[in-house]
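Contents: one structure, followed by commentary.
The values are calculated or read from the model by the stated rules, or taken from the named source; none is laboratory data. Bear in mind the structure is a predicted one, so any value in this text is a computation, not a measurement. Cβ placement follows ideal geometry from the backbone for every residue including glycine, while neighbour counts extend to all protein chains displayed.
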Amino acid sequence: MKISAELLARLDGARHVMFFTGAGVSAESGIPTFRDTPGGLWARFEAAELATAEAFRRDPALVWGWYEWRRMKVLRARPNPAHEAIAALAADRPVSVVTQNVDDLHERSGSDVRAHLHGHLDRPRCFDCGTPARHPPGVPAVAEGGARIEPPACRKCGGLLRPGVVWFGEALPAADWQAAMQALDEADLLFSVGTSSLVWPAAEIPLWAARRGACVVQVNPQPTALDEVADFNLQGPAGEVLRELLAARRRPSER
Ligand code: OAD
Ligand code: ZN
């Protein structure tokens with residue numbers, strides 16, 4: 001992919017670059033997205049049976065085991081060139097990362113993540129009293145697609161532990177949302193990478209950035225609702241596109 005001289009100039013001149021990321025940034029690490037077909041999680045599993053508080057009340061073992069499968073996949077995965085390029089771009093300018101992802105692949109590639117808007121797979125807490133807990137060390141062995149696993153008990157009240165993710169119908173974590181708003185306030189260039197831009201309120205972030213006059217760049221192999229708003233649409237897999245962006249910056253001949 002050819003990166004335009006105009007985009008490189010915008011990147012050079014930016015005071016603060018914000019990366020707003022979704023499941024597509026981890027796709028090349030082998031972590032499934034949600035809405036791609038046929039591989040997306042919501043094409044294979046019923047969200048209402050797995051990703052709501054009602055579902056957990058109804059069948060905690062089914063829900064806990066499904067998230068343990070997802071946690072196992074992340075523990076076995078490695079950051080890909082997209083995560084690495086985002087971390088590398090922070091070497092010579094302020095960069096903030098705000099992600100909808102519940103994995104830690106940005107952190108493992110060296111990015112300082114300001115906000116996990118939809119929580120973390122590896123930060124369980126008590127369903128009843130909210131006390132944070134920890135998973136035992138090691139990688140759980142869970143069958144493909146999940147298995148029924150009883151959630152561990154809370155040390156404080158004996159209630160059941162739940163995954164530390166945001167479920168449908170739940171509010172986003174306030175501190176993360178505030179941190180995202182702070183990053184938005186500072187950013188004059190925003191990259192929206194690997195998100196379908198369909199889940200609110202997170203999907204509003206790139207729209208607000210555009211309205212505030214920031215330059216908006218989208219990286220996605222598929223068209224999304226953000227296409228019309230973005231100043232630049234870089235169509236392709238994030239690893240490939242961001243690696244090329246990094247390489248183009250290092251090639252003075254392209255200026
Ligand atoms: P989606 O599954 O909705 O969208 C993934 C996006 O990534 C799509 O637009 C794909 O075209 C794109 N994509 C696929 N492969 C890619 C690649 N290699 N490089 C770049 N982009 C690629 O995932 P999100 O937008 O993250 O919420 O979904 C938002 C939220 O919906 C998730 O955080 C999750 C889900 O329900 C919760 O769990 C609360
Ligand atoms: Zn408890």
In the list 159, 164, which residue meets the criterion of being modelled with pLDDT of 95 or more, surrounded by 13 or more Cβ atoms within 10 Å (Cβ to Cβ) and within 13 Å of ligand 1 (Cβ to nearest atom)? 164
With respect to the numbered conditions (1) surrounded by 13 or more Cβ atoms within 10 Å (Cβ to Cβ); (2) within 23 Å of residue 70 (Cα to Cα), which one is the sole condition not fulfilled by residue 150? (1)
Considering only residues that are within 12 Å of ligand 1 (Cβ to nearest atom) and of a type in the set (Val, Ile, Thr), look in segment 15-31 and name the one that is surrounded by the fewest Cβ atoms within 10 Å (Cβ to Cβ). 31
Among the residues of segment 201-255, which ones are at pLDDT below 95 and of a type in the set (Ser, Thr, Tyr)? 253
Could you go through segment 32-39 and let me know if any residue there is out of contact with any Cys (no Cβ under 7 Å at 6 or more places or on another chain), loosely packed, with under 14 Cβ neighbours inside 10 Å and modelled with pLDDT of 95 or more. no
Note on segment 92-140: residues at pLDDT below 95, over 14 Å from the mean Cα position of the chain (by Cα) and among the charged types (D, E, K, R) are 92, 93
So the check is Cβ under 8 Å with 6+ separation or different chains; which pairs have a first residue in segment 155-172 that's within 14 Å of residue 120 (Cβ to Cβ) and a second one that's outside any loop (DSSP other than H, G, I, E, B) and within 9 Å of ligand 1 (Cβ to nearest atom)? 163/119; 164/119; 165/119; 166/119
Kindly provide the set of residues from segment 32-78 that are out of contact with any helix residue (DSSP H, G or I) (no Cβ under 9 Å at 6 or more places or on another chain), of a type in the set (A, V, I, L, M, F, W, C) and in contact (Cβ under 8 Å) with a residue 40 or more places away in the chain, ordered by number. 53, 61, 69, 72, 75
Check every one of the helices (runs of 4 or more DSSP H) wholly within segment 48-167 and list those with 3 or more residues that are out of contact with any strand residue (DSSP E or B) (no Cβ under 8 Å at 6 or more places or on another chain) and not assigned by TED's automatic domain parsing to the domain that holds residue 242. 53-58, 60-76
For segment 150-171: of the residues being closer than 24 Å to residue 43 by Cα and in contact with a Pro (Cβ under 8 Å, 6 or more places away or on another chain), which is nearest to ligand 2 (Cβ to nearest atom)? 162
